[in-house]
Amino acid sequence: MRRRTVTAGGLEELLENTAPAERGEQAPPPPAGEGRDQREPRTEFPFELPRGYVDDNGTVHRTGSMRLATARDELRPQIDLRVKENPAYLSVVLLSQVITRLGTVTDVHAGVVERMYATDVAFLQDFYRRINSEGHTHAAVTCPLCHGSFEVDLSGGRLGES
């Protein structure tokens, strides 16, 4: 980078005409949908719980989102005292780290996951496995009546909908 001498009055003009990288800044991200690589991997996945989390006010929260887990997310529960005392608690701690939103609840912690219905926790455990191992939320299913095979997206829609 070359040195420039600028008067106080010319500093603003220089900054306006200098590229962000030359100023030591990152360029602002392009507006949503513009200049974005469509092959960019998804890191957050929406979901809808079978029953829903009921908060202290009685509000039912059914939709939410889960981010991909990092190595740190998977290692951190191993040193958690609650997990050492009860290994079954591992999934509670792990899910509380990767769920980013549950309805209007944005502070999802172990206490929230503890109060969820078992069916919702089982759903979230399977959802976690799918997005972190398989990279998607689709499941191949077979109709018990007609034996037709098809694929459903577990992330959205109510049970029984595709």
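Among the candidates MET66, MET116, which residue alone is modelled with pLDDT of 90 or more and assigned to a loop (DSSP other than H, G, I, E, B)? So that I can check it myself, show each step before the final result.
Details: MET66 fails: assigned to a loop (DSSP other than H, G, I, E, B).
MET116 is the lone residue from the list that is modelled with pLDDT of 90 or more and assigned to a loop (DSSP other than H, G, I, E, B).
Residue-wise test of (1) touching a residue at least 24 places away in the same chain (Cβ under 8 Å); (2) surrounded by fewer than 17 Cβ atoms within 10 Å (Cβ to Cβ); (3) closer than 26 Å to ARG42 by Cα.
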| site | (1), (2), (3) |
| --- | --- |
| ARG76 | no, yes, yes |
| ARG82 | yes, yes, no |
| LEU94 | yes, no, yes |
| GLN97 | yes, no, yes |
| GLY103 | yes, yes, yes |
| PHE123 | yes, no, yes |
| ARG129 | no, yes, yes |
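Yes/no matrix, rows are residues, columns are (1) part of a loop (DSSP other than H, G, I, E, B); (2) at pLDDT below 95; (3) under 17 Å from ASP120 (Cβ atoms):
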residue	(1), (2), (3)
PRO20	yes, yes, no
GLN26	yes, yes, no
GLU34	yes, yes, no
GLN38	yes, yes, no
PRO41	yes, yes, no
ARG51	no, no, yes
ARG62	no, no, yes
ARG76	no, yes, no
VAL92	no, no, yes
**Study point:** ALA110 farther than 17 Å from ASN57 by Cα and surrounded by fewer than 15 Cβ atoms within 10 Å (Cβ to Cβ)
**Key:** no
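The values are calculated or read from the model by the stated rules, or taken from the named source; none is laboratory data. Everything numeric in this text was worked out from a predicted model, so none of it was measured. So basically every Cβ, Gly included, is an ideal-geometry build from the backbone, and we count neighbours across all protein chains shown.
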